[in-house]
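Notes follow once the structure below has been shown.
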Amino acid sequence: MSQRRKILITIAGVAAGLLANAAHTLAAETTYYDEKPWGVYLHAPESPEDGNPYCAIRTTLWEARSVGIEYILEAGDEIGVALRLNKQGWNLPVGETTAVKVQSMVGALAAPTMKAISGDELYFKITQFEPESMALGIALKLVFNGQPQPLTVAFEGSEPAWSVPALGLYEAHALDQVFSRCLLDLRGFNVASSAGAADGATSPFTQKSAPTENTTTPPTPATPPSSDWKFSKTEEDWGETCYASTKAGDIKVGFMGSPGEGLIGYVDGLFDGNTIATWRVDNAESQSMIGGPSDYSGWTEFSVPVELLDGVAHGRELAITGSSGKQVVVSLKGAAEAIPAFDACFGKAPTASR
């Protein structure tokens, strides 16, 4: 039996099992996918005191230890992410912390400071804007997306390093499909928000105050009007540089690159300092990237995949959303002409002097 057929049968079996058990009460943890080296599990505590529900992608290589990436349902339907390392017999000093190195083969290295939350477990919650959180997010993303990478976890003490082999492309696709179903089911749980959820004292309407004479407040548009995308090229200090850009109000969005160099996406006038943002064209899958201020221009730059250009050239809207909630949505009018011109400039061979 081919590997691809085996995976398709596995997906079908998982889906059938889920439908057969839909009418039953969910156990504390439900298995969605159980292959090597990773499995997918839905953890549903029986009471709020036991914590929030989460989907976990967890190693299946060893019986007594595991690496788990947990996607936790939080108030407001937000999804938090945490890393959990577990090994039976560790006898850890609860409450103390230790640095752990997490690395993918392509060079993404993170060193989060993990906390012992039990005698057998180390835990780290990824938070906004912290450098170690952003580095860890990139390292973990590379394990499952694009060309999947192996994962190595190394410790400061006497614990030997843990090595998880890379997924094959078919296995990565199968895991992604099942994990998406797990996230959908996860969002079906209700996590109470901190304000007014206990007594139901919430409302989709804002409180209305007494009208004030001769005052009006114009509505704030969700998306400022955009100008068409334009292509340009200039001679910078480092050589010829290609640009494709547009504006939405006072915010500028675009791409830049020099032949033979990496592709940069940039946003000017929206973010401050380092940030994590998702780039999404229409209803395509969003791509999370880390950005930081450019020393040369001052705008926020992101290292973006070249494949994004094709979506921009054929799409209707590009939405860029920061982890803080700041967002800009720009029309892709004119991108069908600007992006091919940019691609031809950016993709040509570098000159001999470079």
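Go through segment 74-86 residue by residue and tally those that are surrounded by fewer than 17 Cβ atoms within 10 Å (Cβ to Cβ) and not small (Gly, Ala, Ser).
Residues flagged as surrounded by fewer than 17 Cβ atoms within 10 Å (Cβ to Cβ) and not small (Gly, Ala, Ser) within segment 74-86 amount to 4.
May I ask you to list the residues in segment 225-251 that are assigned to a strand (DSSP E or B) and either within 23 Å of the chain's Cα centre (by Cα) or within 12 Å of residue 330 (Cα to Cα) (or both)?
226, 245, 246, 247, 248, 251
What's the number of the only condition in (1) surrounded by 19 or more Cβ atoms within 10 Å (Cβ to Cβ); (2) touching an Asp or Glu at 6+ places or on another chain (Cβ under 6 Å) that residue 99 fails to meet?
(1) is the only condition that residue 99 fails.
How many residues are within 18 Å of residue 78 (Cα to Cα) and within 20 Å of the chain's Cα centre (by Cα) when one looks only at segment 34-51?
Initially, segment 34-51 is screened for residues within 18 Å of residue 78 (Cα to Cα), giving 42-45, 48, 51.
Narrowing the set further to residues that are within 20 Å of the chain's Cα centre (by Cα) leaves 42.
Of the residues in segment 34-51, 1 are within 18 Å of residue 78 (Cα to Cα) and within 20 Å of the chain's Cα centre (by Cα).
Which one of these is outside any loop (DSSP other than H, G, I, E, B), surrounded by fewer than 17 Cβ atoms within 10 Å (Cβ to Cβ) and without any contact (Cβ under 8 Å) to a residue 40 or more places away in the chain: 125, 115, 36? Before you say what the answer is, go through the steps one by one.
On the way: 125 fails: without any contact (Cβ under 8 Å) to a residue 40 or more places away in the chain; 36 fails: outside any loop (DSSP other than H, G, I, E, B).
On inspection, the qualifying residue turns out to be 115.
Scan segment 51-73 for residues that are open to solvent by 50 Å² or more (accessible area, probe 1.4 Å) and outside any strand (DSSP E or B) and jot them down.
Across segment 51-73, the qualifying residues are 52, 61, 62, 63.
Quick check on my filter: what residues within segment 74-116 are among the polar types (S, T, N, Q) and within 23 Å of residue 146 (Cβ to Cβ)?
Passing the criteria: 103, 104.
Would it be correct to say that residue 339 is at pLDDT below 90 and touching a helix residue (DSSP H, G or I) at 6+ places or on another chain (Cβ under 7 Å)? Explain how you work it out, then say what you get.
On the way: at pLDDT below 90: no; touching a helix residue (DSSP H, G or I) at 6+ places or on another chain (Cβ under 7 Å): yes.
No: the conditions fail for residue 339.
Identify the single condition in (1) under 29 Å from residue 133 (Cα atoms); (2) open to solvent by 50 Å² or more (accessible area, probe 1.4 Å) that residue 314 does not satisfy, given that it satisfies every other one.
(1)
Consider only pairs whose beta carbons are under 8 Å apart and that are at least six residues apart or on different chains; among these, list those whose first residue lies in segment 71-89 and is under 18 Å from residue 143 (Cβ atoms) and whose second residue is acidic (Asp, Glu) and part of a strand (DSSP E or B).
From residues that are under 18 Å from residue 143 (Cβ atoms), the pairs are 81/70; 82/70; 83/70; 84/70; 84/121; 85/121; 86/121.
Across segment 114-156, what is the total count of residues that are modelled with pLDDT of 90 or more and β-branched (Val, Ile, Thr)?
3
Please count how many residues of segment 163-182 are without any contact (Cβ under 8 Å) to a residue 60 or more places away in the chain and open to solvent by 40 Å² or more (accessible area, probe 1.4 Å).
Within segment 163-182, the subset without any contact (Cβ under 8 Å) to a residue 60 or more places away in the chain is 163, 169, 172, 176, 180.
Those still in the list that are open to solvent by 40 Å² or more (accessible area, probe 1.4 Å) too: 163, 169, 176, 180.
Residues flagged as without any contact (Cβ under 8 Å) to a residue 60 or more places away in the chain and open to solvent by 40 Å² or more (accessible area, probe 1.4 Å) within segment 163-182 amount to 4.
The values are calculated or read from the model by the stated rules, or taken from the named source; none is laboratory data. What you see is a predicted model; the values in this text were computed from it and never measured. Note that each Cβ is placed from the backbone with ideal geometry, even for glycine, and that neighbours are counted across all protein chains shown. These area figures cover heavy atoms from the full protein model, side chains too; ligands, DNA and RNA do not enter into them. Shrake-Rupley method; radii C 1.70, N 1.55, O 1.52, S 1.80 Å.
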